[in-house]
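Heads up: the structure comes next, in structure tokens.
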Amino acid sequence: GAVVSQHPSRVICKSGTSVKIECRSLDFQATTMFWYRQFPKKSLMLMATSNEGSKATYEQGVEKDKFLINHASLTLSTLTVTSAHPEDSSFYICSASWDRGEGPGELFFGEGSRLTVL
Amino acid sequence: QKEVEQNSGPLSVPEGAIASLNCTYSDRGSQSFFWYRQYSGKSPELIMFIYSNGDKEDGRFTAQLNKASQYVSLLIRDSQPSDSATYLCAVNDNFNKFYFGSGTKLNVKP
């Protein structure tokens, strides 16, 4: 399967600071990447769809000015949590859709980034 | 967000038994369906996908899809303790977005 790498895996920051999380597709070009958020023992919540070369599409209820997404190349998307607060503490997971050419595209996940805001 | 429903469990089965995991979805436009396994603190990993009605088998895993009933299931034969994890059902809509259920926690007891 395809490889998606996410960095950092863990980050602790002070309230009010900004944190950037990187997501890279290592062995394929991903025109579309997705950012999810997961609370403990809860489902993955789709935050936004990141499209290479254009603005991200945010899901309802997700603040686009709070969660800045940039998809500058076919292999890199970044999520910046701006002015982080303790309620932003969560597990953030990026993913990329990989089209085998037959059947549906598959979604491969990065390792996830656990954000703790103090 | 589109609804994907799963029983949270935990589902406990003895080693060697068949584990049956179920999922329903609300969007009739959903195109394809996926089962992911997630260990605690880790990101999900793909087990298998299905997009046609009926059964699809891959080793010890069988996915079943019934689009008329908006229902998809995963059977795990000869369950092993290493299968203990949370299993996430995901659906892919017409816009290639993936939506996830809350997951079913499976415990396989030795």
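Is it the case that region A:76-85 has a residue that's crowded, with 18+ Cβ neighbours inside 10 Å and either closer than 27 Å to B:LYS105 by Cβ or touching a His at 6+ places or on another chain (Cβ under 7 Å) (or both)?
Let us first name the residues in region A:76-85 that are crowded, with 18+ Cβ neighbours inside 10 Å, namely A:77-79, A:81, A:84.
Remaining after also requiring either closer than 27 Å to B:LYS105 by Cβ or touching a His at 6+ places or on another chain (Cβ under 7 Å) (or both): A:77.
Yes: one or more hits.
Given the residues A:ALA48, A:ALA72, which is the only one that is in a strand (DSSP E or B) and more than 16 Å from A:GLY110 (Cα to Cα)?
A:ALA72
Checked against (1) at pLDDT 90 or above; (2) farther than 26 Å from B:TYR39 by Cα; (3) among the β-branched types (Val, Ile, Thr), A:THR31 passes all but condition (1). You will find that of A:SER77, A:SER83, A:SER54, the residue that is more than 13 Å from every other protein chain (Cβ to nearest Cβ), closer than 19 Å to B:PHE95 by Cβ and out of contact with any strand residue (DSSP E or B) (no Cβ under 6 Å at 6 or more places or on another chain) is A:SER54 and no other. Listed by first and then second residue, the pairs linking a residue in region A:29-44 that is surrounded by 24 or more Cβ atoms within 10 Å (Cβ to Cβ) to a residue that is β-branched (Val, Ile, Thr) and at pLDDT below 85, with Cβ atoms under 8 Å apart and 6 or more places separating them unless they lie on different chains, form an empty list.
Scanning region B:33-51 for residues that are among the hydroxyl-bearing types (Ser, Thr, Tyr), at the interface with chain A (Cβ under 9 Å from one of its Cβ atoms) and in a loop (DSSP other than H, G, I, E, B) yields B:SER43, B:TYR51. For B:SER30, state whether it is part of a loop (DSSP other than H, G, I, E, B) and within 13 Å of another protein chain (Cβ to nearest Cβ). When the stated conditions are applied, B:SER30 passes them.
Assess whether B:ASP55 counts as being more than 20 Å from A:GLN38 (Cα to Cα), in a strand (DSSP E or B) and more than 14 Å from chain A (Cβ to nearest Cβ). Please lay out each step first, then the result.
On the way: more than 20 Å from A:GLN38 (Cα to Cα): yes; in a strand (DSSP E or B): yes; more than 14 Å from chain A (Cβ to nearest Cβ): yes.
So B:ASP55 fits the description; yes.
One residue stands out among those in region B:67-102 that are within 16 Å of A:GLN38 (Cα to Cα) and touching a Gly at 6+ places or on another chain (Cβ under 8 Å): the one that is surrounded by the fewest Cβ atoms within 10 Å (Cβ to Cβ), which is B:THR86.
Can you tell me which residue is nearest to A:SER95 (Cα to Cα) among those in region A:1-24 that are part of a strand (DSSP E or B) and among the aliphatic types (A, V, I, L, M)?
Going through region A:1-24, the residues part of a strand (DSSP E or B) turn out to be A:4-7, A:10-13, A:19-24.
Checking which are among the aliphatic types (A, V, I, L, M) leaves us with A:4, A:11-12, A:19, A:21.
Details: A:VAL4: 7, A:VAL11: 19, A:ILE12: 22, A:VAL19: 18, A:ILE21: 13 Å.
So, considering only residues that are part of a strand (DSSP E or B) and among the aliphatic types (A, V, I, L, M), the one nearest to A:SER95 (Cα to Cα) is A:VAL4.
Within region B:40-63, the set of residues being polar (S, T, N, Q) and touching a Lys or Arg at 6+ places or on another chain (Cβ under 8 Å) comprises B:ASN53, B:THR62. Working only within region B:23-45, note down all residues that are surrounded by 18 or more Cβ atoms within 10 Å (Cβ to Cβ) and either touching a residue at least 60 places away in the same chain (Cβ under 8 Å) or within 18 Å of A:SER97 (Cβ to Cβ) (or both). Selection gives B:CYS23, B:TYR25, B:SER30, B:SER32, B:PHE33, B:PHE34, B:TRP35, B:TYR36, B:GLN38, B:SER43, B:PRO44. Sub-9 Å Cβ pairs linking a first residue in region B:93-105 that is more than 7 Å from chain A (Cβ to nearest Cβ) to a second residue that is buried (at least 18 other Cβ atoms within 10 Å of the Cβ) and in a loop (DSSP other than H, G, I, E, B), at least 6 apart or interchain, are B:ASP93/B:SER30; B:ASN94/B:SER30; B:THR104/B:GLN6; B:LYS105/B:SER84, ordered by first then second residue.
Taking the numbered list (1) facing chain B (nearest Cβ under 9 Å); (2) more than 26 Å from B:GLN6 (Cα to Cα) in turn, A:THR116 passes all entries but (1).
The values are calculated or read from the model by the stated rules, or taken from the named source; none is laboratory data. Just so we're clear, the structure is a prediction, and the values are computed from it rather than from any experiment. Don't worry about glycine lacking a Cβ; one is built from the backbone with ideal geometry, like all the others, and counts go over all protein chains shown.
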